[in-house]
Structure formats: structure tokens, C-alpha cells
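Written out below as C-alpha cells is the structure these notes cover.
The values are calculated or read from the model by the stated rules, or taken from the named source; none is laboratory data. On a predicted model such as this, the values are computed, not experimentally measured, just so you know. Here Cβ is always computed from backbone atoms with ideal geometry, including for glycine, and neighbour counts include all displayed protein chains.
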Amino acid sequence: MKRIIVMVLVMFSVSLFAADKKMNIADLDSSKSEKVIIDTADWAGKEKEKDAVPNLIKLLSDKRDMVRLHAVMALGYIGKEDYVEEIHKVLLDDSNSTVRYAALLSTVRIGSKKSIKVWEKAKMNETDPFMVDFLKKMETKAKGK
């Protein structure tokens, strides 16, 4: 009888965890508060939550800088090359240099060879001197110099 009770409790807690995970991913929605989105994006990155990727990608175009920053950082921590093109767009086009910097760090973390050409292009258009310097260093490192 004790085994049955233990098994029921384990199954119940597993189903609660799955429901909690879905609720967390649902919080990655631009209609939610900035704090909720940031906390959830940080959770998704820490847990390397692949199911959160589509929602995080949508948040890359959010009007709030901090939402975009945490979304791009989470994608870098999840670390799959499948969506590196979306991060490249942020690196090349985002209006906020801190968000672009986070995108650059995310591409470095992912380690895609596709990023090398994007770094070169970003360096040509970048106005932030710190970013230009970092892009030069990454380009040199990637070329093995």
C-alpha cells in the first residue's frame, strides 16, 4: 500500500512540474509585465529550456530593451545553432548597444561558424567603440591569428 501511495505522489509531482513548465513558457509573452518576462527568460536560459525558444525569438522584437536583452541572453545559454540567424539579426539591427553586445556574446557562446561573417558585417556598421573592439578581437580569434 505504501508503494502505491509513493507512486501516486511521484506521478502527481511530475505532472505538476510539467504544468508549471508550461505556465513558465507561457509567461514569455509580450503582453506580460517586463519583470515576469525577464524572470522567465532567465529561467529558460538557466534550464536550457528548448521549448521556450519560439517564444524567446518572438521577444527579440519587443519594444522594451530589457526584454530583448534577456531573451537574447537566454537563447545564448540554451545554445543551439538552429536559431543563430535570429540572434544575428539582433546583432546587426537592434537599436540598443547593450542588446547588441548580449547578442554578440550569445553568438560566441553558441560557437557557430556562420557568425564569423556576421561579425565582420557588424563591425562595419557598429558605432559603439567597445563593440567594434570586441568584434575585431572575435574576428581575429576566429581566423586563428
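Quick rundown of the values:
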{"item": "Conditions (1) aromatic (F, W, Y); (2) loosely packed, with under 14 Cβ neighbours inside 10 Å; (3) at pLDDT 95 or above; number of the one not met by F130", "result": "(3)"}
{"item": "Which numbered condition T140 misses (of (1) within 11 Å of G76 (Cβ to Cβ); (2) over 18 Å from the mean Cα position of the chain (by Cα); (3) of a type in the set (S, T, Y))", "result": "(1)"}
{"item": "Qualifying position, being modelled with pLDDT of 95 or more and under 18 Å from K48 (Cα atoms), among H70, H88", "result": "H70"}
{"item": "Count - residues of the stretch 52-66 that are exposed (fewer than 14 other Cβ atoms within 10 Å of the Cβ) and either of a type in the set (V, I, T) or farther than 19 Å from D94 by Cβ (or both)", "result": "1"}
{"item": "Qualifying residue in the stretch 108-123 (condition: of a type in the set (S, T, Y), assigned to a helix (DSSP H, G or I), without any contact (Cβ under 8 Å) to a residue 60 or more places away in the chain and surrounded by fewer than 16 Cβ atoms within 10 Å (Cβ to Cβ))", "result": "no"}
{"item": "Test: residue in the stretch 77-84 that is among the acidic types (D, E), modelled with pLDDT under 95 and outside any helix (DSSP H, G or I)", "result": "no"}
{"item": "All positions within the stretch 93-107 that are part of a helix (DSSP H, G or I), within 16 Å of G76 (Cβ to Cβ) and of a type outside the set (V, I, T)", "result": "R100, Y101, A102, A103, L104, L105, S106"}
{"item": "Candidates D62, D29, D20, filtered to the one that is at pLDDT below 95 and either in contact with a strand residue (DSSP E or B) (Cβ under 6 Å, 6 or more places away or on another chain) or part of a loop (DSSP other than H, G, I, E, B) (or both)", "result": "D29"}
{"item": "Long-range neighbours under 8 Å by Cβ, at least six apart or interchain, first residue without any contact (Cβ under 8 Å) to a residue 60 or more places away in the chain and among the aromatic types (F, W, Y) within the stretch 23-50, second assigned to a loop (DSSP other than H, G, I, E, B) and crowded, with 21+ Cβ neighbours inside 10 Å", "result": "W43/E49"}
